[in-house]
1. Give the number of residues within region 167-196 that are open to solvent by 10 Å² or more (accessible area, probe 1.4 Å) and of a type in the set (Phe, Trp, Tyr).
2. Whether any residue in region 234-244 is buried (at least 18 other Cβ atoms within 10 Å of the Cβ), in contact with a helix residue (DSSP H, G or I) (Cβ under 8 Å, 6 or more places away or on another chain) and at pLDDT 85 or above is what I want to check.
3. From the list Val38, Val23, pick out the single residue that is touching a helix residue (DSSP H, G or I) at 6+ places or on another chain (Cβ under 7 Å), surrounded by 19 or more Cβ atoms within 10 Å (Cβ to Cβ) and at pLDDT below 90.
4. Only one residue in Lys141, Lys170 is part of a strand (DSSP E or B) and either modelled with pLDDT of 95 or more or over 27 Å from Leu75 (Cβ atoms) (or both). Which one?
5. Looking only at residues in region 82-135 that are part of a loop (DSSP other than H, G, I, E, B), β-branched (Val, Ile, Thr) and modelled with pLDDT of 90 or more, which one is surrounded by the fewest Cβ atoms within 10 Å (Cβ to Cβ)?
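The values are calculated or read from the model by the stated rules, or taken from the named source; none is laboratory data. Please read these numbers as outputs of a predicted model, since none were measured by experiment. Positions of Cβ are backbone-derived with ideal geometry, glycine not excepted, and every protein chain shown enters the neighbour counts. When the accessible area is computed, the model is the full protein with side chains, heavy atoms only, and any ligands, DNA or RNA have been set aside. Shrake-Rupley method; radii C 1.70, N 1.55, O 1.52, S 1.80 Å.
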Amino acid sequence: MLAEKPTWNYWIDPSKTKAPESVNDNSKFFCWMVMQTVQGKNGGYAWNEEELARAAIENKAGIFACDHYAVITDLKVNLNTWDKNGFQRVPEHYKPVPGEIISWPVGMADETSQANSGTFVKAWKMIVESKVLNEVDWVVKADPDTVWFVDRVRWHLSWGSMFAENQHGKGRSFVRNCWMYQRMQGPLELLSSDAAKDFVRHGMCGLTAGKKEDQLLDYCLLKRGADAKFDASILSDGYCQAKDSMFATKFTDPLGCNNAGVAAFHPIKEKKDWLQCMTVAKAKTCGGIADPVQCMAADAKLVSDHNCGGPCIPPKDDGGEQKLADR
């Protein structure tokens with residue numbers, strides 16, 4: 001038997017939300033992503049990831065809008081220098097000048113894009129050893145092809161009442177965001193710093209190379225007794241939706257980027273599409289709805305109802321151990 005089943009929070013109830021200015025939310029975030037480099041072994045595929053990271057840096061978006069952030073790479077690169085080969089590689093002993101963003105290298109890994117847990121084992125250990133988690137309340141791991149907004153993550157955590165009484169993530173908590181697989185989905189992994197430290201210090205439940213890291217992270221957090229809550233509207237993901245609206249990158253579709261309540265959109269793999277999705281999401285006005293909080297709540301409910309095929313109803317507890325889903 002695993003820990004108790006998660007608390008189910010499927011959509012933000014407009015009657016329970018609070019306006020951003022009424023919430024004293026000074027919680028801190030550490031945000032990170034894994035990026036393949038052009039000069040590494042996955043040169044062709046990595047070019048898109050470097051382009052997306054560059055767009056996020058230039059717009060101070062995604063992880064770069066957080067209090068602390070890191071880009072985990074195979075090779076050490078300077079994220080402020082760009083040429084025909086993408087981000088410039090720097091020596092392992094290179095010391096950055098003030099203002100430079102240098103990646104955190106973990107070495108090359110012989111893995112696929114999905115079964116990539118070997119890289120994440122090294123990344124999680126490096127993050128915990130850096131002590132940065134002692135300075136923050138929440139941790140977000142996002143994929144390079146995810147368009148997301150940390151202020152909306154805050155709203156889902158606190159303004160939307162999911163963690164209204166625990167805005168600083170005290171204790172071990174995490175958020176499940178994929179109704180289809182009933183677990184946490186990799187494009188936006190959200191957990192408290194205490195949960196992250198506990199995950200690493202107790203051996204990551206035997207996490208090894210060649211696995212799907214988001215599945216095993218979800219499984220291990222629950223097995224370790226972390227408090228799991230479910231939000232089916234924090235992420236709009238083509239891999240989790242009943243229909244593939246995000247694969248078509250419909251910028252006018254409220255189930256796609258044209259949404260004020262969703263915190264993250266995935267997958268957006270081309271730089272021009274990534275930038276357009278970010279622009280459309282930031283500009284969403286919800287038509288005649290004047291109250292921005294009501295607007296966010298209405299859009300969030302729209303996505304959760306779509307993802308669940310109607311109002312989200314928790315599955316019956318069969319009393320057995322959770323199985324790791326294949327996809």
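1. Result for region 167-196: 2.
2. Yes.
3. Val38
4. Lys141
5. Val97
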